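Heads up, the thing below is written out as structure tokens.
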Amino acid sequence: MNQTPHEQNPAIALPLPTHPVQRPAHLLSLTFHGLAPGPRLLVLGAVHGNEVCGAQAITALIEEFTRGERAIERGTVTFVPVTNPLAYQLKQRTGERNLNRNMAPSAIPQDFEDRIANVLCPLLDSHDVLLDLHSFHTGGAPFVMIGPSDNRGQLEPFAHAAEEMQLALHTGPHRIVEGWLETYARGVQRRAAAPATDASRRAQTLVTNPNYGVGTTEYMRARGGYGVTLECGQHDDPQAVGVARHAILQTLALLGLSPLPLVAEPADREILRLVDVTDREDANDTFIREWRSFDAVSAGEVIGRRQSGMPVKAPQDGFVVFPNPRAEVGQEWFYFAQKRA
Ligand SMILES: [Zn+2]
């Protein structure tokens, strides 16, 4: 390895694990405490193990803070570069299950992700704001996901919609997506009414449980905080790391943790509301073409075909979102979104 200027003035090195010799046994988090009071921000990378842009952006910024090139003056920021270390080690989305579902502490953990949740949930509890950094499989522009409007309902009561929208706008992307948990819960209700017969009992229990839609941001809101999921770009897009980095720095600026200039929010924002989810009912259900997230469709346009040959059509003018051609039977095939009225 070449000498770098920092080897004369050694900083804490924070390499991402590249040569794991065993199954991960710990979760790394690092907190910078400003010396003045302020909000507590949590930044997560690699909740999905093959989504590494957040981990890379976090690691670079930790080094910059550690070297003294940047400062946290008030509040605290905690960085978790790799939130699912097993999935990260395996270079895949999940370890034993999707960490970003069914997020809750468990008295009797059943799998690796349950054990991570038992450490991660107290970390979420002890912060006010969450920035969760992801990437996606098919091409397209970055987008950011927010929670519900302020409400006192049963499913997802919330009182920080305005702050959360500010955060979403300052992370950078002009496209904002809302309505995830509500739409997911509708899918859960439908699955519960018509259970798939070939799914394993545990998988079936999970996908028919409304709590299964609860990921990091939903958990954060349920505990009185707020947060956004930033989808920084395609998994292998080199620009995704820059998107993640920009979002972290702008969040630090917005919350006043770090003395950084706040960039104006995008003027041409587009807010899309998820309104429905369609499950794959058979392994022979196929899309009519290779959809990318946010491809526009007209009312009645054929999106895919069931195994029986029956077309699956767009209910109204809108957008195909999160299409998954390899979805498991009985699970989400694609979402349908519309522009917020
Ligand atoms: Zn993800």
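The values are calculated or read from the model by the stated rules, or taken from the named source; none is laboratory data. These figures come from a predicted structure and were not determined experimentally. With ideal geometry, Cβ positions are generated from the backbone for all residues, glycine too; neighbour counts draw on all protein chains shown.
For the condition farther than 16 Å from GLY213 by Cα, within 15 Å of the chain's Cα centre (by Cα) and in a loop (DSSP other than H, G, I, E, B), what is the one hit in ARG101, ARG93? Every option except ARG93 fails the conditions.
Quick check on region 21-52: of everything there that is among the β-branched types (Val, Ile, Thr) and in contact (Cβ under 8 Å) with a residue 12 or more places away in the chain, which residue is farthest from the ligand (Cβ to nearest atom)? Checked region 21-52; the qualifying residue farthest from the ligand (Cβ to nearest atom) is THR31. Can you pull out every residue in region 292-308 that is of a type outside the set (A, V, I, L, M, F, W, C) and under 24 Å from ALA193 (Cβ atoms)? Result: GLY304, ARG305, ARG306, GLN307, SER308. The strands (runs of 3 or more DSSP E) located wholly in region 104-179 that include 1 or more residues which are over 23 Å from ARG74 (Cα atoms) and of a type in the set (Val, Ile, Thr) occupy 143-145, 175-178. Scanning region 53-82 for residues that are among the hydroxyl-bearing types (Ser, Thr, Tyr) and outside any strand (DSSP E or B), we see that the one that is nearest to the ligand (Cβ to nearest atom) is THR59.
Just so you know, in region 234-267 the residues that are at pLDDT below 95 and within 16 Å of the ligand (Cβ to nearest atom) include one that is surrounded by the most Cβ atoms within 10 Å (Cβ to Cβ), and it is GLN234.
Taking the criterion of being within 12 Å of the ligand (Cβ to nearest atom) and either of a type in the set (A, V, I, L, M, F, W, C) or more than 20 Å from HIS170 (Cα to Cα) (or both), the residues of region 208-233 that qualify are GLY215, LEU230, CYS232. Any chance region 302-314 includes a residue that's surrounded by 14 or more Cβ atoms within 10 Å (Cβ to Cβ), in contact with a helix residue (DSSP H, G or I) (Cβ under 9 Å, 6 or more places away or on another chain) and touching a residue at least 12 places away in the same chain (Cβ under 8 Å)? The answer is no; no qualifying residue exists.
Does region 104-116 hold any residues that are small (Gly, Ala, Ser), closer than 23 Å to TYR184 by Cβ and either within 16 Å of the ligand (Cβ to nearest atom) or over 18 Å from the mean Cα position of the chain (by Cα) (or both), and which are they? Result: SER106, single match.
In region 234-253, the residues that are in the same structural domain as GLY49 (by TED's automatic domain parsing) form Cβ pairs under 9 Å with partners that are surrounded by fewer than 17 Cβ atoms within 10 Å (Cβ to Cβ) and part of a helix (DSSP H, G or I), at six or more places apart or across chains, as follows: VAL241/ALA60; ARG245/ALA60.
Out of ALA87, ALA117, ALA185, which single residue is over 27 Å from GLN239 (Cβ atoms), modelled with pLDDT of 95 or more and among the small types (Gly, Ala, Ser)?
Selected residue: ALA117, the only one of ALA87, ALA117, ALA185 that is over 27 Å from GLN239 (Cβ atoms), modelled with pLDDT of 95 or more and among the small types (Gly, Ala, Ser).
Taken over region 117-160, residues that are among the acidic types (Asp, Glu) and within 15 Å of the ligand (Cβ to nearest atom) amount to 1. Taken over region 83-102, the criterion of being more than 13 Å from the ligand (Cβ to nearest atom) and touching a residue at least 60 places away in the same chain (Cβ under 8 Å) is satisfied by PRO85, LEU86, GLN89, ARG97, ASN102. Considering the conditions (1) surrounded by fewer than 22 Cβ atoms within 10 Å (Cβ to Cβ); (2) of a type in the set (Asp, Glu); (3) in contact (Cβ under 8 Å) with a residue 12 or more places away in the chain, GLU113 is excluded by exactly one of them, (1).
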